[in-house]
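Asker: My questions will all concern the structure given below.
The values are calculated or read from the model by the stated rules, or taken from the named source; none is laboratory data. Everything numeric in this text was worked out from a predicted model, so none of it was measured. All Cβ positions, even for glycine, are placed from backbone atoms using ideal geometry, and neighbour counts span all protein chains on display. Side chains are part of the model used for accessible areas, which takes the heavy atoms of the whole protein and leaves out ligands, DNA and RNA. Shrake-Rupley method; radii C 1.70, N 1.55, O 1.52, S 1.80 Å.
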Amino acid sequence: MTNNEDLFKKIIGHCKEYGFVFQSSEIYDGLSAAYDYGPNGVELKNNIKEYWWKSMVNMHENIVGIDSSIFMHPTTWKASGHVDAFNDPLIDNKDSKKRYRADVLIENYIQKIENKIQKDIEKASKKFGDQFNKNEFITTNKRVIERNQKIEEIKKVLTNSLSENNLSDIKSLIEELEIKCPISGTCNWTDVRQFNLMFKTEIGSTSESSSEIYLRPETAQGIFVNFLNVQKSSRMKIPFGIAQIGKAFRNEIIARQFIFRMREFEQMEMQFFVRPGEEMKWYEYWKKARLSWHKNLNMGNKNYKFHDHENLAHYANAACDIEFKFPFGFKELEGIHSRTDFDLKAHMQYSGKKMQYFDPEINEHYVPYVVETSIGLDRMFLAILTSSYVEEMVSDDEKRIVLKIPPQLAPIKLAILPLTKKDGLPEKAREILHSLQTDFKCQYEEKDSIGKRYRRQDAIGTPYCITIDHETLDNNSVTLRNRDSMKQERIKISELKSTVLNKLDISSIL
Ligand code: ATP
């Protein structure tokens, strides 16, 4: 097991032990790719939502929110292209009977070549020391050049086959590359087939009146079908945006990596409606704005990178992902897509209703273009947990586990801890709790030694512990312990709120 796999396992265990995330229906041995958020998990999730909502909706005069239903008229999904094209190419290994996404098998193969190149670079860098010039090495080393050429060739065939829906070419590529099933170790593959990712169910109480509908696979369509309702009722002028947070459902072929890929998950999406021809300007604007939203959390600037899509979805004229460095590598955290007028035009065509906007500035009717930002709430949750989990030695023989969650998003902001259970300390501590709990999510704890209580708060990422001791009764001061530095300062109770407010309020990072 690599260090990263080991770390990831520990984080998953930590999430369960400290009430962040549980396997769904665990007592029945669980349901794959479905998870429940525990008491600390739901607080963290709500704080992420608040940070996103405030930055998108509160901070923009021209962005408003909605909350549309999960069930939509089935024609919605015909118009959006999901019925015909929301497919993943799947392939089975006949020996292990395991199912894979064919494109992912090929991408993993590419990743292996990339890892080899990385190793070549590291070796050469060690050998040449200060003299090493990475660029020169990549462009002149024969083996690296050949490996990069191979990657380019594979990517070209994959991109073409996917865009032309040529499934037999994808299978041939898997065979040519001699990609083996990781379980059986054989190349005994079935043909590649398309698999639609939407969940179907029935609506209506009797079989005669029931009809087939889908659980929405993205929240975006609820925004598109409401475009004119929102524009008119909120008197919005283009450019303007509609934001939404809500559940989405996808029958993922392989759902693994904990909450990274689930069958039921939550999205935070914003569709920004612009004048045709101005979409690239706004696409660049939102790329920048979204990256700085992430970076303001101080989770390490080198943990983010943009990845431009080579294989554009049927609705897009430009698209990229913001990737985050998870323990299993750089993976998509958020997508930014220039969706053209595809969706609104399609709904106009299928519904027969006009989806146009009259632009008084240029005196013209048109169907707006759309730039979308779409982030997975659960992936954001995972990004925060994996980047904040730290094991560190606090003395020669004592280790602590601390979640260095951005303080503004921490599930519990303040722990209120009377040093002992007697001498009036609990009463004083509760008095302080009551004066702070309307502003901050606080936790009161009096059980166990103060050291143990600090460790428990470290493990859930509480940025500050307030300790009430005998001196408190004399002079109305407490100690304030900082999670990261573990330093304690003595401060007046009357100054507590203002001292921590700036550090804990989401507004400070907006
Ligand atoms: P992927 O390539 O990883 O399947 P996608 O490109 O299909 O993702 P989008 O349709 O762009 O994803 O959805 C927007 C965001 O929703 C993604 O960036 C991701 O954060 C989140 N997301 C998508 N699918 C899942 C899933 N199965 N589980 C959790 N989050 C998801």
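Asker: Go through segment 160-167 residue by residue and turn each phi into a ³J(HN,Hα) via Karplus (6.51, -1.76, 1.60, θ = phi - 60°); whole Hz please, and just put x for glycine and proline.
Answerer: For segment 160-167, the Karplus-derived couplings read 5, 5, 5, 6, 8, 6, 8, 6 Hz, x marking Gly and Pro.
Asker: Of all DSSP beta bridges in segment 412-508, what percent run antiparallel (nearest 5)?
Answerer: The answer is about 55 percent antiparallel.
Asker: Of all chymotrypsin sites (Phe, Trp or Tyr not before Pro) in segment 399-499, which ones are in loop regions per DSSP and have a Cβ with at most 16 other Cβ atoms within 10 Å?
Answerer: Here no loop site has a sparse enough neighbourhood.
Asker: Right, next: Find out how many positive minus negative residues lie around Asp439, taking Lys and Arg as positive, Asp and Glu as negative, among other residues whose Cβ is under 13 Å from that of Asp439.
Answerer: On the way: positive: Lys413, Lys441, Lys497, Lys503; negative: Asp505.
Around Asp439, the charge tally is +3.
Asker: In sequence order, what are the phi-derived ³J(HN,Hα) couplings for segment 337-349 according to the Karplus relation 6.51 cos²θ - 1.76 cosθ + 1.60 with θ = phi - 60°, rounded to whole Hz, with x for glycine and proline?
Answerer: 10, 8, 8, 6, 9, 3, 5, 5, 5, 5, 5, 5, 5
Asker: With θ set to phi - 60°, apply the Karplus curve 6.51 cos²θ - 1.76 cosθ + 1.60 along segment 361-378 and write out the HN-Hα couplings as whole Hz, x wherever there is a Gly or Pro.
Answerer: Once θ is set to phi - 60°, the couplings for segment 361-378 become 5, 10, 6, 9, 8, 7, 8, x, 8, 10, 10, 10, 10, 9, 10, x, 5, 5 Hz.
Asker: Compute the accessible area per residue over the chain, keeping the other protein chains in place, probe 1.4 Å, unit Å².
Answerer: I get 50 Å² per residue for the chain.
Asker: With each run of n ≥ 4 DSSP H residues scored as -39500 (n - 2.57), what mean residue ellipticity at 222 nm is computed for the chain after dividing by its residue count and rounding to the nearest 500 deg cm²/dmol?
Answerer: The per-residue figure over the chain is -12000 deg cm²/dmol.
Asker: As I understand it, the value is the acute angle between the Cα axis of helix 450-460 and the longest principal axis of the Cα atoms of the chain; what does it come to in degrees, rounded to 10?
Answerer: 20
Asker: Can I ask one more? Hey, any idea what % of segment 87-196's accessible area is carbon plus sulfur with a 1.4 Å probe?
Answerer: The C+S portion of the solvent-accessible surface of segment 87-196 is 46 percent.
Asker: When DSSP beta bridges are limited to those with both residues in the chain, what percentage is antiparallel, rounded to the nearest 5?
Answerer: Antiparallel bridges make up about 85 percent of those DSSP assigns within the chain.
Asker: Let me ask another. What are the residues whose amide H is under 5 Å from the amide H of Met236, where those residues sit 5 or more places off or on another chain and H is modelled from the backbone?
Answerer: Amide H to amide H, under 5 Å and 5 or more residues apart or across chains, Met236 pairs with nothing.
Asker: Using 10 Å bins from zero, what percent of all Cα-Cα pairs in segment 412-508 falls into each bin?
Answerer: P(r) over segment 412-508, rounded to whole percents: 16, 55, 27, 2.
Asker: Filter the GluC sites (Glu not before Pro) in segment 124-165 to those in DSSP coil with at most 14 other Cβ atoms within 10 Å of their Cβ, and list the result.
Answerer: Glu164
Asker: On to the next question. What distance in nm separates the simple spin-label points at His470 and Asn229, each placed 7 Å from Cα in the Cβ direction?
Answerer: Calculated label separation equals 6.6 nm.
Asker: For Ser494 and His434, FRET efficiency with R0 = 22 Å and r from the beta-carbon atoms, rounded to 0.05?
Answerer: With a Förster radius of 22 Å, E is 0.90.
Asker: Net charge near His365: determine it from the other residues with C-beta under 11 Å of the C-beta of His365, scoring Lys and Arg +1 and Asp and Glu -1.
Answerer: That works out to -1.
Asker: With labels modelled as points extended 7 Å from the Cα through the Cβ direction, what inter-label distance (nm, one decimal) is found for Val394 paired with Asn3?
Answerer: That separation, rounded to one decimal, is 2.4 nm.
Asker: Further question: Modelling each spin label as a point 7 Å along the Cα-to-Cβ direction, I'd like the Ile401/Tyr444 distance in nm, to one decimal.
Answerer: Reported label-point gap for Ile401 and Tyr444 is 2.8 nm.
Asker: Further, regarding this structure: Note down, for the chain, the three equivalent ellipsoid semi-axes (square root of 5 times each alpha carbon gyration tensor eigenvalue), biggest first, whole angstrom. Walk me through the numbers before you get to the answer.
Answerer: Values: eigenvalues 371, 213, 116 Å².
Working from the Cα gyration tensor, I get semi-axes of 43, 33, 24 Å.
Asker: Let me ask another. Report the convex hull volume per residue for segment 87-196, counting only C-alpha atoms, in Å³.
Answerer: Output value, Cα hull per residue: 109 Å³.
Asker: Hey, another quick one. What whole-number distance in Å separates the alpha-carbon centres of segment 140-211 and segment 1-78?
Answerer: 28
Asker: Then there is this: Relative contact order for segment 87-196: what percent, with Cα pairs under 8 Å and sequence separation of 6 or more?
Answerer: 47
Asker: Would you please give the residues with an amide H less than 5 Å from that of Gly65, counting only those at least 5 places away or on a separate chain, with H modeled from the backbone geometry?
Answerer: Answer set, sorted by chain and number: Ala243.
Asker: Ranked highest first by the average count of other Cβ atoms within 10 Å around their residues, in what order do 212-221, 385-394 fall?
Answerer: Taking the mean over residues of other Cβ atoms within 10 Å, the ranking is 212-221, 385-394.
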